[in-house]
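The values are calculated or read from the model by the stated rules, or taken from the named source; none is laboratory data. This structure is a prediction, so every number in the text was calculated from the model and none was measured. Here Cβ is always computed from backbone atoms with ideal geometry, including for glycine, and neighbour counts include all displayed protein chains.
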Amino acid sequence: MRNYAQTNPPDMSSNDAACPHPMKLGETSNMRHHRTGRKPALKKPTVTDSGHENDQESVQTLAENLRDTIGKFVRAVRSQAGTPTTAQGETLAFLERNGPASIATLAENRGVKHQSMRLVIAKLEENSLITQTPDPKDGRSQLITLTRKGQAENATARKARTLWLSEVLSTRMSARERAILGEAIPILQKITGLD
């Protein structure tokens, strides 16, 4: 009787054995995908494959975190200092930064209707915080200007916010944290200075 060597069973741990559509001899993976109708899985971008995609994603994440954090920071300072954002406060601050403006300009800046802005101006004028004078370029419209009382109102609000923030920086932040914040200011100023 001839003695035949025992053959080992196929290795079912291999990918082809486990796959319902094993690759045929001489067949490439793309040929198998075409034969079986299955599309190859897309590879997620990595630093090696595409550093640009990852870099863009990182920048977008940074931008979102920065926008969210700065927004919360501004609201926290105003709230804790007792100077919350109001229509009147925003108007006074705009006039201080940009000088005299028409009601139309103020309404456009705040994204409100002309009539709504007129109500805000009426209240400010009632409290002697602004005055209205004829626009030299357009006799039909009025220019809104801060009074000394309006300027003092802005200065008082700014001082309250500065005092609260100074207290937080001195009592809750380390010297190293204050230094890091100081180093970040020129970067933020560069962003705010963009046209």
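Go through the stretch 128-142 residue by residue and tally those that are out of contact with any helix residue (DSSP H, G or I) (no Cβ under 9 Å at 6 or more places or on another chain) and either surrounded by 13 or more Cβ atoms within 10 Å (Cβ to Cβ) or polar (S, T, N, Q) (or both). Working first, answer last.
We begin by selecting, within the stretch 128-142, every residue out of contact with any helix residue (DSSP H, G or I) (no Cβ under 9 Å at 6 or more places or on another chain); these are 133-140.
Checking the rest, the ones that are also either surrounded by 13 or more Cβ atoms within 10 Å (Cβ to Cβ) or polar (S, T, N, Q) (or both) come to 133, 135.
Number satisfying all stated conditions: 2.
Mind checking which residues of the stretch 68-83 are touching a Lys or Arg at 6+ places or on another chain (Cβ under 8 Å) and either hydroxyl-bearing (Ser, Thr, Tyr) or part of a helix (DSSP H, G or I) (or both)?
Pass one, the stretch 68-83, residues touching a Lys or Arg at 6+ places or on another chain (Cβ under 8 Å): 77-78, 81, 83.
Those that are touching a Lys or Arg at 6+ places or on another chain (Cβ under 8 Å) and either hydroxyl-bearing (Ser, Thr, Tyr) or part of a helix (DSSP H, G or I) (or both): Val77, Arg78, Thr83.
Report whether or not Arg118 is surrounded by fewer than 16 Cβ atoms within 10 Å (Cβ to Cβ), in a helix (DSSP H, G or I) and without any contact (Cβ under 8 Å) to a residue 60 or more places away in the chain. So that I can check it myself, show each step before the final result.
Values: surrounded by fewer than 16 Cβ atoms within 10 Å (Cβ to Cβ): yes; in a helix (DSSP H, G or I): yes; without any contact (Cβ under 8 Å) to a residue 60 or more places away in the chain: yes.
In short, yes.
Looking across the stretch 76-115, the residues that are free of Cβ contacts under 8 Å to residues at least 12 places away in the same chain and either under 26 Å from Ile187 (Cα atoms) or of a type in the set (Phe, Trp, Tyr) (or both) come down to Ala76, Ser79, Thr85, Arg97, Asn98. In the set (1) closer than 30 Å to Asn65 by Cβ; (2) among the basic types (Lys, Arg); (3) not in a helix (DSSP H, G or I), Arg140 fails one condition alone, (1). Screening Phe73 with (1) in contact with a helix residue (DSSP H, G or I) (Cβ under 7 Å, 6 or more places away or on another chain); (2) under 29 Å from Ile187 (Cα atoms); (3) of a type in the set (A, V, I, L, M, F, W, C); (4) at pLDDT 95 or above gives one miss only, at (1).
Kindly indicate which of Glu183, Glu177, Glu125 is among the charged types (D, E, K, R) and surrounded by 12 or more Cβ atoms within 10 Å (Cβ to Cβ).
Numbers: Glu183 fails: surrounded by 12 or more Cβ atoms within 10 Å (Cβ to Cβ); Glu177 fails: surrounded by 12 or more Cβ atoms within 10 Å (Cβ to Cβ).
Among Glu183, Glu177, Glu125, only Glu125 is among the charged types (D, E, K, R) and surrounded by 12 or more Cβ atoms within 10 Å (Cβ to Cβ).
Checked across the stretch 153-165, the condition of being under 11 Å from Leu92 (Cβ atoms), aliphatic (A, V, I, L, M) and surrounded by 12 or more Cβ atoms within 10 Å (Cβ to Cβ) holds for at least one residue.
Looking only at the stretch 87-115, which residues are of a type in the set (S, T, N, Q), surrounded by 12 or more Cβ atoms within 10 Å (Cβ to Cβ) and over 20 Å from Ala157 (Cα atoms)? The answer is Ser102, Thr105, Asn109.
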